[in-house]
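First up is the structure itself, then whatever we jot down about it.
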Amino acid sequence: MDLEEAKEFKDRCSQCAAVSWGLTDEGKYYCTSCHNVTERSREVINTGAIPNTKIQAINRGLKRKRKLEKGWDWYVCEGFQHILYQQAKALQTLGVGPELKNEVLHNFWKRYLQKSKQAYCKNPVYTSRRKTTVLEDNPSHSDWDSEPELLSDLSCPSFVESGAESQPEVHAQKPLPIIKASQSETASVCSGSLDGVEYSLRKEKGIVKMTVPRTLAFCYLSLLWQRETITLADLLRFVEEEHIPYINAFQHFPEEMKLYGRDKGIFAIESWPNYEDIYKKIIEVATFLDLPRFPDITEDCCLHPNILCMKYLMEVNLPDEMHDLTCHVVKVTGIGEVDFLTFDPIAKKAKTVKYDVQAVAVIVVVLKLLFLLDDNLEWSLSNIAEKYNEKNEEDKPWFDFRKWYQVMKKAIDEKKQKWEEARAKYLWKSEKPLYHSAIDRSVVYKRREMVVSLQKQFSTLVDSTPTVEKKSPSSFQFSWTEEGSDRTCFHGHSLQGVLKQKGQSLMTKNSLYWLSTQKFCKSYCKHVTTYEESNFSLSYQFILNLFSFLLRIKTSLLHEEVSLIEKRLFKAKYSTTKKKSSRSRKVRKC
């Protein structure tokens with residue numbers, strides 16, 4: 001640290017107002033009175049004093065810092081573009097093919113910018129601070145080339161040509177660059193982005209406004225188009241486990257993209273994504289983009305209920321023999337048909353199937369067919385299976401519902417406790433502090449440094465154990481490969497205790513069944529049916545709570561899907577109930 005070389009710096013310290021500076025090893029100025037380190041650095045002139053240094057690294061001091069402090073001119077849509085790019089890269093590391101980022105998501109995002117009139121059109125909705133030259137190439141943007149842009153020069157014949165407003169090819173093939181700040185252009189006083197204030201106030205009818213949750217809608221639509229193995233529940237769980245950027249995704253913005261003021265309300269998220277909310281946004285985005293019919297979901301696709309049922313049977317440690325029964329239910333109800341499963345946004349009633357919820361609902365229906373789940377029959381069948389297993393230890397064991405319940409309850413309780421603790425300990429504050437205006441920047445950063453320092457001191461005092469590294473992502477939350485006294489694997493167990501031979505086919509010993517919903521809500525109602533826990537057996541509640549936790553959904557949503565499966569499976573019962581109700585109305589009228 002050379003005090004002599006720091007004498008040329010005459011600014012007052014922002015903390016103590018003293019003019020006494022020294023130089024750190026990195027070349028930054030620090031106050032010798034209060035030891036406050038500034039972001040200003042000394043400009044190097046004499047290259048001979050620095051051995052083994054390339055010429056390109058010289059003369060970056062104060063000039064470079066001034067550029068960083070001012071930052072680039074950027075728009076809100078460019079911020080969302082960066083988040084989408086980071087999410088696409090994260091999905092690629094999870095095993096998704098590169099075409100999702102380079103082709104599918106690229107085309108969806110390009111179409112959104114065109115439909116919302118933000119880019120790829122003659123008159124984009126921009127403020128007067130920067131004209132439509134945003135769509136023109138500029139050789140001075142080479143610094144952004146270090147990180148590939150999402151909007152590269154790729155053709156998208158499937159979507160651009162089918163749009164209601166097809167634009168000239170000159171604009172359709174141009175990338176959307178991020179412009180650096182010039183001497184005459186500065187960011188908005190109330191936001192780091194040029195249009196942060198205008199964007200937050202913008203309310204145009206028919207325009208779907210981009211938000212951070214809607215980035216997940218774009219990701220899922222891209223996954224669905226590619227027919228990838230990742231379901232919506234998996235996507236949201238990967239977000240929760242921080243394998244996909246979402247909370248504080250703005251931390252990945254380049255340093256030159258200054259973010260403060262109104263930008264905080266646009267990009268800062270302080271809640272976990274909700275399944276039903278994201279599902280609705282998926283429909284909204286797909287309808288707004290006028291996307292064509294998606295590729296067919298066939299039997300060999302990973303999103304087909306037959307394949308998903310096998311996945312969730314393995315997940316919850318149920319016998320493999322149940323898969324034949326789930327396939328039969330899928331066939332009888334018709335939910336495995338291509339037209340039923342394939343998403344068509346331009347249909348009269350655009351509705352995509354909740355593939356994961358539907359598969360789990362089929363398993364619940366099969367469990368009711370086998371064990372009734374009335375807090376009586378399942379335990380009687382368990383007694384029979386237990387006696388058989390004691391007498392025939394060498395034979396293939398019969399499935400014991402009671403034993404399975406005990407194993408799963410312990411496993412799910414442990415999992416749930418860890419999940420709740422992780423949520424309670426989650427730090428919502430970002431490593432990159434947000435501030436309301438550029439004036440508050442130094443104060444906010446100083447406070448952040450103090451908080452980090454105090455956290456380190458506190459962790460040292462309490463001798464806390466180091467944080468556990470993130471586990472590698474997996475489609476399964478449980479592993480049942482290792483057998484143990486309290487973690488028995490039921491995959492190879494037999495259903496012989498609950499099935500009986502009738503001719504050449506197998507029938508369930510249980511001939512009874514109770515419907516989860518006797519009467520559905522009317523068409524104008526927001527929900528199909530209601531779910532009151534007190535009206536149902538404890539076994540049924542446990543099954544619903546188990547699967548609801550695995551998918552991170554509300555129990556009522558799963559109950560509703562079970563009721564819809566039953567409505568398809570027992571058409572005769574529902575039609576009889578409907579006739580009886582209509583007859584009773586006629587009698588009352590008389």
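Numbers below:
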item: Where N is the number of residues in the stretch 228-369, Cα Rg divided by 2.2 N^0.38 Å; result: 1.30
item: Heavy-atom SASA rank of VAL365, VAL208 (probe 1.4 Å, accessible area, largest first); result: VAL208, VAL365
item: Solvent-accessible area of PHE476 with every protein chain in place, 1.4 Å probe, in Å² to the nearest 10; result: 80 Å²
item: MET314 accessible area, 1.4 Å probe, all protein chains in place, Å² to nearest 10; result: 80 Å²
item: Cα extents of the stretch 299-384 along the three principal axes, largest first (Å); result: 53, 24, 20
item: Value in Å of the Kirkwood radius, where the stretch 344-397 supplies the Cα pairs that are averaged; result: 14.5 Å
item: Burial order of peptide ranges 550-557, 287-294, 78-85 (average beta-carbon count within 10 Å, highest first); result: 78-85, 550-557, 287-294
item: Sites GLN477 and SER14 - FRET efficiency at Förster radius 51 Å, r taken between beta-carbons, to 0.05; result: 0.55
item: Among the listed pairs LYS115/LYS311; LYS209/LYS354; LYS403/LYS471; LYS264/LYS425; LYS205/LYS348; LYS403/LYS500, those beyond 27 Å (Cα-Cα); result: LYS115/LYS311; LYS403/LYS471
item: Linear extension gain, GLN251 paired with GLU394, 0.36 nm per residue minus alpha-carbon span; result: 45.6 nm
item: Of all accessible heavy-atom area on the stretch 370-431, the percent that carbon and sulfur account for (1.4 Å); result: 48 percent
item: Per residue, in Å², the accessible surface of the stretch 265-311 once ligands and nucleic acids are set aside, probe 1.4 Å; result: 40 Å²
item: Highest-first arrangement of 407-413, 341-347, where packing means the average Cβ count within 10 Å; result: 341-347, 407-413
item: Protection-proxy order for peptides 537-548, 323-334, 256-267, each taking the mean of Cβ atoms within 10 Å per residue, highest first; result: 256-267, 537-548, 323-334
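The values are calculated or read from the model by the stated rules, or taken from the named source; none is laboratory data. Computed from a prediction, not measured in an experiment: that's the story for all the values here. For neighbour counting, all protein chains shown are included, and Cβ atoms are generated from backbone atoms with ideal geometry for every residue, glycine included. Ligands, DNA and RNA are stripped out before the accessible areas are found, and what is left, the full protein with its side chains, is counted by its heavy atoms. Shrake-Rupley method; radii C 1.70, N 1.55, O 1.52, S 1.80 Å.
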